[in-house]
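Reading through the structure tokens given below for one structure.
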Amino acid sequence: MHLRIVPFFRDLVVAIAPASPPLYPPDPRMRLPVLTGVPSDDKFHDECGVFGVFGHTEAANLAYLGIHALQHRGQESAGIASWDGRELHVHKAMGLVADIFDQEAIGSLPGSSAIGHTRYSTAGSSNLANAQPMFARTTIGNVAVAHNGNLVNADELRHELAARGALFHGTSDTEVIVHLIAHQTRGTIDERIHAALSDVRGAYSLLFLTEKGIVAVRDPLGFRPLVLGKLKNGATVFASETCALDLIEAEYIREIEPGEMVVVDDKGLRTVQRLPPQRAGKCIFELVYFARPDSQVFGRSVYTTRKAFGRRLAQEAPVEADVVVPVPDSGVPAALGYSEESGIPYDLGLIRSHYVGRTFIEPSQSIRHFGVKLKLNPVPDVVRGKRVIVVDDSIVRGTTSRKIVKMIRDAGAREVHLRISAPPTRWPCYYGIDTPVRSELIAASHTEKEIAKYVTADSLGYLSREGMHEAARAEPRGFCDACFTGEYLVQLTPPQAGVVGEHGPREGKPTGAAENLTVLRA
Ligand code: SF4
């Protein structure tokens, strides 16, 4: 979809998602996941990547490269918005960055400032109406927005806005932010953005493209990362991760701080809001799994942190074995760390196919067991007759782990010991991560022993919460680890009594499940 003329809100079409019953009954003990063989990687998924550049004649080209580097943060849709001094241009579509943008599409995005976005849907279903950047014409000019995160009070705000006459085009919570800005009646565009955000709660790293420049904002707890960089010509760059800066040879300057709002325009770069230091809620799962290992996130090397997780895991969950094998790609740094610490040799006992696209045609029931084998295949010479330690970063439902263990055993391993470089994932995330409902999380209702039995491993070991924080040099008041602990830092609204963690954002509707369970750490 390419747009040059921006519609007024009154032109937007209302789209109301039908209410659907819970997907899973609330007795998880009776429902170990069914082995369907559908090629899901059984992982938590990050929601989005954002990128912005101000002050470069090839802004759209740079934005393309930036979101290409951030493709791992979302593969369902992507888009770029540019401002050429007269008009806002937007091109977005479903699919991967490289498939959406060709020379013609990039050429249709003139101007020296641009923002880009890659999306994996969490709140809101996966369709073009929810693709970003989203855009609007306010009474004082055009604005486009790219959002990484998830608002926990989006439903509440949506109802209030709808009661005031707002017409919603899609179901994404980002559209709520766009409407909130449009409803502001006073101040400059920067001031209106600032005022609009005072109503929202939850996780947001946001980039706004305005007619004057770019506004970058991170929520007060700083759940999702956002960094500032500089190109050789002096252009300002913003990105979810530093790997996007590396690709365009931009210098990393610093993180946008939790609660900080930065504006860059013809007057230069300035911080217009900086909240006093308080507890933060940086997502520790970014360090465990989401971010690219070559990135710096929250001021840490992701690769070095994952290796430290592996080292600590070897101390906490040792076992006699002959070889340490990673589940590629995400388990590689932790497996290296485990091997270094334990002295047990590291080897590549599983090979990953990098050519399994999202357009995979689901096989018929009779041959579905090929699912995980499409992605991973064991190397018999590495594992045959050996006691194998398999290192992965998480077990979500347990279905994939079970298949991996079986695969390695079938390839001739004598013993298979599973080691996880994070604590058990027991709770859904409400802050911009696609997680299954709680009853699907195997660790929410099963002990380590039961999980080991289910995945058919000879033994199972997780990294402890303390071990994770210490290895990541993550001060307890600086990070969110709610998916491991249930200690949610921002409460959901509206609360619904009697519902306990059964709905994740994947269903597009946080339910307030955690309201009665919230433990705000001192
Ligand atoms: S709940 Fe887990 S995935 Fe979500 S923000 Fe917190 S640490 Fe990250």
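Taking the listed residues Asp190, Asp219, the one that is surrounded by fewer than 24 Cβ atoms within 10 Å (Cβ to Cβ), in the same structural domain as His117 (by TED's automatic domain parsing) and touching a residue at least 60 places away in the same chain (Cβ under 8 Å) is Asp190, with no other qualifying.
How many residues does segment 141-187 contain that are surrounded by 24 or more Cβ atoms within 10 Å (Cβ to Cβ), under 18 Å from Val264 (Cβ atoms) and among the small types (Gly, Ala, Ser)? Number satisfying all stated conditions: 2. Annotation: Glu316 fulfils all but one of (1) at pLDDT below 95; (2) away from the ligand (no atom under 16 Å from the Cβ); (3) of a type in the set (D, E, K, R); the unmet one is (1).
Among the residues making up segment 278-296, none is buried (at least 24 other Cβ atoms within 10 Å of the Cβ) and farther than 19 Å from Asn148 by Cβ. Consider Glu341 carefully, then state whether it is under 17 Å from Ala422 (Cα atoms) and touching a Lys or Arg at 6+ places or on another chain (Cβ under 8 Å). Spelling it out, Glu341 is indeed under 17 Å from Ala422 (Cα atoms) and touching a Lys or Arg at 6+ places or on another chain (Cβ under 8 Å). Only one entry of Gly478, Gly486 meets the criterion of being within 13 Å of the ligand (Cβ to nearest atom) and at positive phi, and that entry is Gly486. A residue that is surrounded by 19 or more Cβ atoms within 10 Å (Cβ to Cβ), among the aromatic types (Phe, Trp, Tyr), at pLDDT 70 or above and within 28 Å of Thr425 (Cβ to Cβ) occurs somewhere in segment 41-56.
Out of Thr185, Thr242, Thr236, I need the residue that is at pLDDT below 95 and among the hydroxyl-bearing types (Ser, Thr, Tyr). Which one? Being at pLDDT below 95 and among the hydroxyl-bearing types (Ser, Thr, Tyr) holds for just one of Thr185, Thr242, Thr236, which is Thr185. Contact map, segment 75-92: residues that are farther than 22 Å from Asn127 by Cα and without any contact (Cβ under 8 Å) to a residue 40 or more places away in the chain paired with residues that are among the basic types (Lys, Arg) and surrounded by fewer than 24 Cβ atoms within 10 Å (Cβ to Cβ), Cβ distance under 6 Å, separation 6+ or inter-chain. No pairs are found.
Against the numbered list (1) under 19 Å from Ala244 (Cβ atoms); (2) surrounded by 24 or more Cβ atoms within 10 Å (Cβ to Cβ); (3) free of Cβ contacts under 8 Å to residues at least 60 places away in the same chain, Met134 comes up short only at (1). Quick test for you: out of Gly299, Gly259, Gly268, pick the one residue that is more than 29 Å from Trp427 (Cβ to Cβ) and either in contact with a His (Cβ under 8 Å, 6 or more places away or on another chain) or surrounded by fewer than 22 Cβ atoms within 10 Å (Cβ to Cβ) (or both). None of the other options fit; the residue is Gly268.
Each residue in segment 456-475 was checked for being assigned to a helix (DSSP H, G or I), away from the ligand (no atom under 14 Å from the Cβ) and surrounded by fewer than 17 Cβ atoms within 10 Å (Cβ to Cβ), and 2 pass. Filtering segment 246-283 to residues that are in contact with a Phe, Trp or Tyr (Cβ under 6 Å, 6 or more places away or on another chain) and either farther than 18 Å from Gly116 by Cα or free of Cβ contacts under 8 Å to residues at least 24 places away in the same chain (or both) leaves Gly281, Lys282, Cys283. Listed conditions (1) free of Cβ contacts under 8 Å to residues at least 24 places away in the same chain; (2) within 25 Å of Tyr430 (Cα to Cα); (3) not hydroxyl-bearing (Ser, Thr, Tyr) are all met by Gly331, apart from (1). Regarding Gly412, is this residue within 16 Å of the ligand (Cβ to nearest atom) and either touching an Asp or Glu at 6+ places or on another chain (Cβ under 8 Å) or at pLDDT 95 or above (or both)? Criteria not met by Gly412. Annotation: of all residues in segment 429-452 being outside any helix (DSSP H, G or I) and more than 21 Å from the chain's Cα centre (by Cα), the one that is farthest from the ligand (Cβ to nearest atom) is Thr447. All told, Ala195 meets the bar of being modelled with pLDDT under 95, among the hydrophobic types (A, V, I, L, M, F, W, C) and over 26 Å from Gly111 (Cβ atoms). Which one is nearest to Glu470 (Cα to Cα), of the residues in segment 303-345 that are among the polar types (S, T, N, Q) and in contact with an Asp or Glu (Cβ under 7 Å, 6 or more places away or on another chain)? Restricting to residues being among the polar types (S, T, N, Q) and in contact with an Asp or Glu (Cβ under 7 Å, 6 or more places away or on another chain), the top hit is Gln315. Residue check: is Val176 in contact with a Phe, Trp or Tyr (Cβ under 9 Å, 6 or more places away or on another chain), under 17 Å from Ala63 (Cβ atoms) and away from the ligand (no atom under 16 Å from the Cβ)? So Val176 fails the test.
Results for (1) in the same structural domain as Ala411 (by TED's automatic domain parsing); (2) within 16 Å of the ligand (Cβ to nearest atom); (3) part of a strand (DSSP E or B); (4) touching a Pro at 6+ places or on another chain (Cβ under 9 Å), shown as yes or no for each residue.
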residue: Pro258; (1), (2), (3), (4): no, yes, no, yes
residue: Val262; (1), (2), (3), (4): no, no, yes, no
residue: Thr305; (1), (2), (3), (4): yes, yes, no, yes
residue: Arg312; (1), (2), (3), (4): yes, no, no, no
residue: Leu336; (1), (2), (3), (4): yes, no, no, yes
residue: Leu348; (1), (2), (3), (4): yes, no, no, yes
residue: Ile351; (1), (2), (3), (4): yes, no, yes, yes
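Summed over segment 97-123, residues that are in contact (Cβ under 8 Å) with a residue 40 or more places away in the chain, in a loop (DSSP other than H, G, I, E, B) and not aromatic (Phe, Trp, Tyr) total 8.
The values are calculated or read from the model by the stated rules, or taken from the named source; none is laboratory data. Fair warning: this is a prediction, and the values are worked out from it, not measured in the lab. Glycine also receives a Cβ, built like all others from the backbone with ideal geometry; neighbour counts cover every protein chain displayed.
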